[in-house]
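Every number in this text was worked out from the coordinates using simple rules, so none of it is lab data. Keep in mind it's a predicted model, so treat the numbers as computed, not measured. Here the Cβ positions follow ideal geometry from the backbone for every residue, glycine too, while neighbour counts run over all protein chains shown.
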Amino acid sequence: MKINPGTARRIALVVALTAAAVGFVWVYAARRDFFDLRIYVSALRWWADGHPLYDWAQPDPVQGELYFTYPPFAALLLRPFAAVPVGFTIGFFCVFTVAAVAVAAWWLTAPVADRRGLPRWLLAGLLFPVALAVEPTRETYFFGQINMLLILLILADFLYASPRRWFWAGAGVGLATAIKLFPGIFILYFLVTRRWREAAVSAGTAALATLLAAAVAPRDSWQFWTSSLFSTERVGRIDYTGNQSLQGLLARLVAPAEPARAWWLLLVVAVTAVGLWRAARAFRAGDDLAGVTLTGLVGALVSPITWPHHVFWFVPALVVLVDSGRRRDLLVAGGTLAVALYGVNTFIDWGVAPDPTRTVGDFLLRNLYVLAALALLALLPARTPAPNRTDLATHHATG
């Protein structure tokens, strides 16, 4: 079959960008040796041998000791990997992460491509290398994190499911919340946008998954929900530069002292209120993707610990900003892309000492994601016209 010159050029562009992204990741990504994934496997093997899951600990020069910190339902999902070689597990996670990035790129761009009369593969092919190259994805890949599973579950609810097409719309957010508590912020987004049914389904799904885990592993579930969940030292040092949350920013200002909890709580309330207000306004304007993105950024900011791999929400922000097409939005998109590519851990070794932030330059670099997320909360537009839920449901029903 003969390919016309225009299509050939587009294919060449996508291939070139993907090759450039792979090269960038290969040369510049920090090699983490699947550190987190190896911790999961070690903890799960300890658990499979009959020990309490949340008693497992591994010494670490930065955090002191590292633990298995996910809820029991996540442990149940990951338990089979305790029985296979770690090399197989690493390979599985690598393939899954790349495939999940590709699926996310397709879901995020397909409505835009349809509305603008462009081939879906083209926009997805342009976003894929960008999404692959940014630091949140690089860290997800080389740490062996499960973040992209959560992203797919969340996006499935907002970009694919519709109550008119699927009664269980909201179940993706519920499952993601049961796996890792962070996605629970999207239940609040359902509530502020008055999607009562999806909110009920997501909350109910999270509860059922948690009860299932409690039935299978009652002792470990009791330990997690009554003790381990509240032991903040299990998660990591809050002043560590990799922690790109509001609490991390405050901790780095006063390290090695502890930041004032009252100031953190005040910031959490203010950011949550403003961010979800803007998200609800974006939804009412017909731009659910902007609302979802704003909610994800709120979650990253208010969580006590937010590692770089949690902030994939820069990628859908780029879609919203570029699709908006306004000069200001394109400039914001350029800045967002620069921040996400440069990151906070890849090019600077911040060491392990709990040192306070001493200069303006260090403040900007050590809190790059926090400041970018705050800027996006203020500047991310609601596209007009934008694809609403009816458009998205029709798109997926016919696509």
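In table form, for the structure just shown:
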{"item": "Span-like helix ranges in the chain, DSSP H, alpha carbon extent 27 angstrom or more, Kyte mean at least 0.5", "result": "5-28, 86-116, 196-216, 261-284"}
{"item": "Structure-derived Cα extents along the principal axes in Å - corresponding label in (i) 60, 51, 45; (ii) 63, 42, 39; (iii) 95, 61, 44", "result": "(i)"}
{"item": "Packing-based ranking, highest mean first, of 111-117, 294-300 given that Cβ atoms within 10 Å are counted", "result": "294-300, 111-117"}
{"item": "Shape category assigned to segment 187-229 from the gyration tensor of Cα positions, a/c cut at 1.5", "result": "oblate"}
{"item": "Within-13-Å neighbourhood charge of PHE68 [Cβ basis; K, R +1; D, E -1]", "result": "+1"}
{"item": "Translational D in µm²/s for segment 241-313 (Stokes-Einstein at 4 °C, 1.567 mPa s, Kirkwood Rh from C-alpha pairs)", "result": "101 µm²/s"}
{"item": "Average projected area [Cα convex hull, segment 33-165], square nanometres", "result": "10.2 nm²"}
{"item": "Shape of segment 85-232, Cα gyration tensor, a/c cut at 1.5", "result": "oblate"}
{"item": "Amide proton proximity set for ASP60, modelled H, under 5 Å, gap of 5+", "result": "GLU65, LEU66"}
{"item": "Cα-based equivalent ellipsoid, segment 161-284: semi-axes from gyration tensor eigenvalues, Å", "result": "30, 23, 10"}
{"item": "Total charge dipole magnitude, segment 170-323, about the Cα centre, Cβ charges on Lys, Arg, Asp, Glu only, Debye to nearest 20", "result": "240 debye"}
